[in-house]
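Each remark here refers to the structure printed beneath this line.
The values are calculated or read from the model by the stated rules, or taken from the named source; none is laboratory data. Model, not experiment: these values are computed from the prediction. Please note: Cβ atoms are built from the backbone with ideal geometry, for glycine as well, and neighbour counts cover all protein chains shown. Accessible surface areas use protein heavy atoms only, side chains included; no ligands, DNA or RNA. Shrake-Rupley method; radii C 1.70, N 1.55, O 1.52, S 1.80 Å.
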Amino acid sequence: MNQRQWIPVSESSSDNLNKIRKVNAAIVIALTFVSLLIGVATSQVIPVVVVGLAVSIVFVFAVMRSVETSWLQRIDYQPVDEELHARIVNVVDGLCVVSGDRRPRLFVFHDEYPVALAIAAPGKLGNIVVSDGLLEELDRVEIESVMAHVLWRLRTENIALTCYLMTLSALLSKIGLGKLGSLVTGKMTEQKILLWADISACQATRYPPALISALHKCDRPHRLSIDSQCGPLLFVDPRTVGDDTTVTSSFPILGFSAVSLEERIAVLKEM
C-alpha cells in the first residue's frame, strides 16, 4: 500500500492549499478595490487604499492565526496517555508508518458516543481528537478504520481547508457577511468528501467490514458534549443519522453538507 493510493487525483493536498491561497488573495483584492472606490469618491485615493490594504492583510492573518486554536478551544480535551491509551497510539503510529506521515497530536475527551475528529491549520501537523466512548466501544480493527479515514482528511489538507472556511465564515458572520461565507464554502467544498475518506480508509486497511461496523455503532441519535459547529470535522455527526440515503443533511454552519450515514454504509457494502 503506497501513499498515493490513499489520495484521489481530484483531491490532493496541493489542491486544498491552493484554494486557501485563492480565497486569501481574493479577500485582499476585494477589500483593496473597495478602498480604491472609496478613495476616488473622497479624493483621498492613496491613504484610503493603504488603509484598505492593511486591513485586508490583518484580516487574512487573523483568520490564518486562529484556524486551529479557535476550534480546539471548543473541546474539553486532554492529551492521550501513552500507556492508558496505548491501543489508539499504536494504531495511529502503524498507519503513519505505512503512509510516511508524522503522527498528529492525539487528544481524548469525555463523551459516550464514538467521536473522532481532526483539527488542523494549513500546512501544519494537525490534531486528532477522540472520545473515550470511541475507545471503549470500538475494537482495534474498527478504530484502525476510523483513524485511516481521519488521517486521509488530514493528509489531503481537507481538514485544514474545512477549518479555514469555518473560521473565515465565523468572522464574516460577526460583521454581517454570513451569507458570503456560506457562498464561499459552497464553492470550495466537496459534499462527497466523507465517502472519499471512507473509500481511502478501506484501501488503507483492506478491510471494509471494519469501517462498516464502526459506522453501524455510530448509527444512533446522540447529543454531543462538544460544540455542534464542529460537525464538518467529525467522522460521523449524529445529526446525519436517520437521513434518507438519497438526501444530504445540511450543517447549520457555513453551508456545509454531508452525505447520510446510511448512504456511506451502502457505498462501502458495494466494495
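When each of Val63, Val92, Val115 is tested for being at pLDDT 95 or above and under 22 Å from Gly231 (Cβ atoms), the lone residue that passes is Val115. Across the range 76-94, the qualifying residues are those that are of a type in the set (A, V, I, L, M) and over 19 Å from the mean Cα position of the chain (by Cα), and the one among them that is farthest from Leu154 (Cα to Cα) is Leu84. Annotation note: of Leu17, Leu36, Leu53, the sole residue that is within 21 Å of the chain's Cα centre (by Cα) and either within 19 Å of Met166 (Cα to Cα) or surrounded by 15 or more Cβ atoms within 10 Å (Cβ to Cβ) (or both) is Leu17.
Taking (1) open to solvent by 20 Å² or more (accessible area, probe 1.4 Å); (2) among the small types (Gly, Ala, Ser); (3) more than 26 Å from Leu165 (Cβ to Cβ) in turn, Ser225 satisfies each apart from (3). Has the range 145-155 got any residue that is among the aromatic types (Phe, Trp, Tyr) and not in a helix (DSSP H, G or I)? The answer is no; no qualifying residue exists. Whenever a residue of the range 115-143 is over 17 Å from Cys218 (Cβ atoms) and in a strand (DSSP E or B), its partners that are among the polar types (S, T, N, Q) and open to solvent by less than 10 Å² (accessible area, probe 1.4 Å), lying with C-beta atoms within less than 9 angstrom and at least six residues away or across chains, give the pairs Ile119/Asn127. Filtered by the rule that a residue be part of a helix (DSSP H, G or I) and either among the charged types (D, E, K, R) or in contact with a strand residue (DSSP E or B) (Cβ under 6 Å, 6 or more places away or on another chain) (or both), the range 175-219 gives Lys179, Lys187, Leu194, Asp198, Lys217.
When Arg153, Arg105 are checked against the criterion of being within 23 Å of Arg206 (Cβ to Cβ) and touching a residue at least 12 places away in the same chain (Cβ under 8 Å), a single residue qualifies: Arg153.
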